[in-house]
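Trainee: I have a structure here, written as structure tokens, and I will follow up with some questions on it.
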Amino acid sequence: MNSERRKFLHGAALLGGGLFASRSMADTQHEQHTQPAKKPGTPTKPTRPGKPLESFQPTDVLTPVLTPDVPNLPFKVENGVKVFHLIAEPVKRQLLPFKTMEVWGYNGSCPGPTIQANQGDRVRIVFDNHLPESTTIHWHGLEVPIDMDGVPYVSQKPVPPGGRYIYEFTLHQEGTYFYHSHGAMQEMMGMIGMFILHPKRAYLPRVDHDFGIILQGWAILPNNSVPNTANMEFNWLTFNGVSAPATTPLLVRLGSRARIRIVNLGMDHHPIHLHGHQFFITGTEGGRAPESTWYPTNTVLVGVAQARDIEFDAKYPGDWMLHCHLPHHMMNSMSDLLGERMITTAATNEPQARSQMQAMAESIGVAHLHHAPIAANASEVPGFPQDAFMEMGMDAAVAKPETYGLPENWSAAMMGMMTMVRILPPEKYDEIMALKREGVKGKPADSPAPQHPHGSGK
Ligand SMILES: [Cu+2]
């Protein structure tokens, strides 16, 4: 095996230092909220005090869409028009406890907050540009007048830094849409958000749960925090701006029916797979699909610029994975952990290597590494290691009500574009929803895994 890769894998193994993170991701990820930026180019901080936008739910729709880890955009009604205020601005986004990106988004969130409206609504979106360069917003899939289409120079003048543009139109469609900057590089900096149009009459069969997920890929070079939008190697993969295991699980009551709306804006197409259930593709970026087109499947290819709505009956209890099935999207590149923190020897029992491991685990703040036992002769087997040192457990660092009751070290199996659909018996579902209302963090495992630095399993 290539020596660089060996060093990297040993670097990854170091996360087994057995240290518990002092700061929980759950503390920060619900704190994204609206706040006008002071001046163009001023980054928003990931942890700002105030009321989270997430607490806002549209009151005039039957089943609001929940976009985990991304807030809803509030509105007020003025003379029968729903008025939203959308602000393009730099955002710091913590996608994992040890990794924060400096990206661009809207209203302090990347992806931008979810807009939810009803078929037939008249909406006004007051758009302010707090970026250091010009931008516009395109309403992807919406049938709007040409001067609302958001293409710079073609349908409108670019909105300059500090400038404002008023978008206003009537929504006659229904379905899953999105908004995004119409600059390619800005798209790759994260400038997208979901735009849900609830139908005048509920779709049949009715769903009890409705979720939204935005797929994004990022090219972030080692030791950097700003995506390289010219790079073609996407090494960080996110659902709604966070990577597993920091993605918030989708909670579904056993016996109910659920819809998940998946939107993709990036450079890759993603085959999204659900465990344990079959689903139907019930809608696209063009709205609701006729039932005659539905067929059972368990993997949906969500191409770039597409939306796919899937629906299923939650028949089987369990914590079921929902993930992109491209193997390299089921993990993130950890080349980021190289550089000055690279371990210089493969002998991980060697004192210098041990102290490097310790320093690295501390600097990253990962709770602990769990890896399954390895064979005594592992190093003699060509190809070893593969996944052996990839599993970073960080249950406590990503704990939140939605993770309550998961088996110990669950987070070691979660990487990249991945989340969980937790199909829960009613009493357990109600218990977790109560924890959520109370804002109680997920209970860490009762007895943390034994701390086992790499090598002790031999
Ligand atoms: Cu993928």
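Trainee: To the nearest 10 Å², what's His329's accessible area with a 1.4 Å probe?
Mentor: Accessible surface of His329 is approximately 10 Å².
Trainee: If R0 is 41 Å, what FRET efficiency do you get for Lys157 and Ser256 from their C-beta distance, rounded to 0.05?
Mentor: With a Förster radius of 41 Å, E is 0.30.
Trainee: Ordering Lys436, Lys82, Lys315 from largest to smallest accessible area (1.4 angstrom probe), what's the sequence?
Mentor: I get Lys315, Lys436, Lys82, largest accessible area first.
Trainee: Could you go through segment 69-85 in sequence order and give the Karplus-derived ³J(HN,Hα) for each residue, using 6.51 cos²θ - 1.76 cosθ + 1.60 with θ = phi - 60°, rounded to whole Hz, and x for Gly and Pro?
Mentor: 6, 9, x, 8, 8, x, 9, 10, 9, 10, 6, x, 9, 7, 10, 10, 10
Trainee: Return the Rg/Rh ratio of segment 212-264 with Cα-based radii and a Kirkwood Rh.
Mentor: On the Cα set of segment 212-264, Rg over Rh gives 1.12.
Trainee: Probe radius 1.4 Å, ligands and nucleic acids left out: which of Val126, Val77, Val65 has the largest accessible area, and how do the rest follow?
Mentor: Accessible-area ranking of Val126, Val77, Val65, largest first: Val77, Val126, Val65.
Trainee: Just for segment 206-320, what percent of DSSP beta bridges are antiparallel, to the closest 5?
Mentor: 75
Trainee: Rounded, prolate or oblate, given the Cα gyration tensor of segment 214-341, with a/c below 1.5 counting as rounded?
Mentor: Taking the square roots of the gyration eigenvalues as a ≥ b ≥ c, segment 214-341 is prolate.
Trainee: Could you state the number of Å between the C-alpha centres of segment 187-225 and segment 97-117?
Mentor: 11
Trainee: Here's a follow-up. What is the spin-label model distance, in nm, from Arg206 to Glu380 if the labels are put 7 Å beyond Cα along the C-beta direction?
Mentor: Reported label-point gap for Arg206 and Glu380 is 6.6 nm.
Trainee: Right, another one. Over all alpha-carbon pairs of segment 132-244, lay out the pair-distance distribution in 5 Å bins, whole %, shortest bin first.
Mentor: The calculated distribution, bin by bin, is 2, 10, 16, 18, 16, 16, 12, 7, 3, 1, 0.
Trainee: If amide H atoms are built 1.01 Å from N in the plane of the peptide, which residues on other chains or at least 5 residues away come under 5 Å of the amide H of Met267?
Mentor: For Met267, whose amide H was placed from the backbone, the distant partners under 5 Å are Gly217.
Trainee: Compute the normalised compactness of segment 199-289: alpha-carbon radius of gyration over 2.2 N^0.38 Å, N being the residue count.
Mentor: 1.33
Trainee: A further question on this structure: With a/c under 1.5 counting as rounded, go ahead and sort segment 61-120 into rounded, prolate or oblate using the C-alpha gyration tensor (a ≥ b ≥ c being the square roots of the eigenvalues; past the cut-off, prolate if a/b is larger than b/c, else oblate).
Mentor: Oblate shape, in that a/c is at least 1.5 and b/c is the bigger or equal ratio.
Trainee: Residue by residue through segment 192-201, what is 3J(HN,Hα) from phi via Karplus (6.51 cos²θ - 1.76 cosθ + 1.60, θ = phi - 60°)? Round to whole Hz and write x for glycine and proline.
Mentor: Running phi through 6.51 cos²θ - 1.76 cosθ + 1.60 with θ = phi - 60° gives 8, x, 8, 10, 9, 10, 6, x, 4, 10 Hz.
Trainee: Out of residues 5 or more away from Leu301 or on other chains, whose amide H comes under 5 Å of its own, with H placed 1.01 Å from N in the peptide plane?
Mentor: Ile272
Trainee: Write down the radius of gyration of segment 238-304 and its Dmax, each obtained from C-alpha positions, in Å.
Mentor: In Å, with Rg to one decimal and Dmax whole: 13.2, 37.
Trainee: Pairwise over distinct Cα atoms, reciprocal of the mean inverse distance: report the Kirkwood radius of segment 59-199 in Å, one decimal place.
Mentor: The Cα-based Kirkwood calculation yields 15.3 Å.
Trainee: Next question, about the same structure. Among the listed pairs Lys99/Lys400; Lys92/Lys436; Lys400/Lys428; Lys82/Lys315, give every one whose C-alpha distance is greater than 27 Å.
Mentor: Violating the 27 Å limit, Cα to Cα: Lys82/Lys315.
The values are calculated or read from the model by the stated rules, or taken from the named source; none is laboratory data. Because the structure is a prediction, the values reported are computed rather than measured. So basically every Cβ, Gly included, is an ideal-geometry build from the backbone, and we count neighbours across all protein chains shown. Protein only, heavy atoms only, side chains kept; ligands, DNA and RNA dropped before computing areas. Shrake-Rupley method; radii C 1.70, N 1.55, O 1.52, S 1.80 Å.
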